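Note sheet for the following structure.
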């Protein structure tokens with residue numbers, strides 16, 4: 001069980017929207033984390049200064065909210081196989097599908113892109129089915 | 001200037017994920033668990049983000065020819081819905097449902113020093129690498 005937290009969710013979400021808006025307004029860039037990260041790892045032909053800065057910011061951000069009572073989870077009780085298989089599929093799928101929760105789910109839908117709306121419907125439904133199978137069919 | 005803006009936006013993004021508790025895999029898994037311990041909070045995260053992004057995009061960005069501090073908007077050019085988009089997104093969702101972690105929260109969790117976060121990012125990087133190798137061959 002986790003507690004239903006609509007207010008902090010709404011405020012956190014609005015901050016995400018604001019971040020994406022500012023990056024587009026000022027730099028003309030899409031705040032798609034999987035794309036930024038993939039470029040940083042494997043695209044050596046371009047200068048990647050802003051991508052490095054964004055990722056550094058992403059790592060620092062959670063440290064700044066902890067004085068206000070919002071911190072990172074102390075421990076992650078996800079099993080090792082789930083971490084490894086999940087991680088691989090998240091990387092593979094987001095690259096193949098050109099985006100993840102941020103790029104498609106926020107920025108893409110935010111621009112009313114048909115591709116992103118369909119992508120988000122795909123990963124939401126496959127995510128829901130996966131959790132259903134794992135928790136209620138396999139009973140893990 | 002672009003770098004400072006990107007840094008600030010990254011900080012905001014990391015802060016937003018933490019306030020929204022999307023950095024907690026259990027929170028994400030419970031959001032996806034409609035038939036069990038469903039926690040609708042993350043729908044509000046997406047709602048909050050989309051309200052801001054849709055309104056500002058329609059009212060401000062769409063009317064601009066270029067961004068404030070750059071030459072042009074770097075928007076995705078692809079318009080067609082193809083197999084790669086659907087298969088890739090579906091696989092991404094399966095990974096998300098298995099682990100409760102997506103790329104943003106994975107990186108935002110790095111400062112905790114948790115080994116599981118580091119291994120997740122390594123596995124994710126391998127996944128990206130394999131997907132790129134396959135894409136180059138096709």
Of B:90, B:20, B:74, the one that fluctuates the most in a GNM where chain B has Cα springs shorter than 10 Å = B:74
All alpha-carbon distances of segment B:1-75, grouped into 10 Å bins from 0, give the whole-percent distribution 16, 34, 30, 16, 4
Just need the relative contact order of chain A here, percent rounded to a whole number, with Cα pairs under 8 Å and 6+ apart.
-> 25
Over all Cα pairs of the protein assembly as shown, how is the pair count split among 10 Å bins, expressed in % and running from 0 up to the last occupied bin?
-> 8, 32, 40, 18, 3, 0
Given only helices, namely DSSP H runs of n ≥ 4 each adding -39500 (n - 2.57), what is the per-residue ellipticity at 222 nm of chain B, to the nearest 500 deg cm²/dmol?
-> -21500 deg cm²/dmol
In deg cm²/dmol and to the nearest 500, what is the mean residue ellipticity at 222 nm of chain A if only DSSP H runs of at least 4 residues count, each as -39500 (n - 2.57), divided by the residue total?
-> -19000 deg cm²/dmol
What's log10 of I(q)/I(0) for segment B:78-138 at q = 0.14, 0.15 Å⁻¹, Debye sum over Cα points only, no solvent?
-> -0.49, -0.55
For residue A:137 and residue A:79, what is the calculated FRET efficiency with R₀ set at 25 Å and r taken between the beta-carbons, to the nearest 0.05?
-> 0.90
What shape does segment A:42-140 take by its C-alpha gyration tensor, where a ≥ b ≥ c are the square roots of the eigenvalues and a/c under 1.5 counts as rounded, a/b above b/c as prolate, and the rest as oblate?
-> oblate
Residue of B:120, B:31, B:73 that the Gaussian network model of chain B assigns the largest fluctuation, springs spanning Cα pairs under 10 Å | B:73
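Values quoted throughout were computed directly from the atomic coordinates according to the rules given, and no laboratory measurement underlies them. Since we're looking at a predicted model, the values are computed, not measured. Note that we place each Cβ from the backbone using ideal geometry, even for glycine, and neighbour counts take in every protein chain shown.
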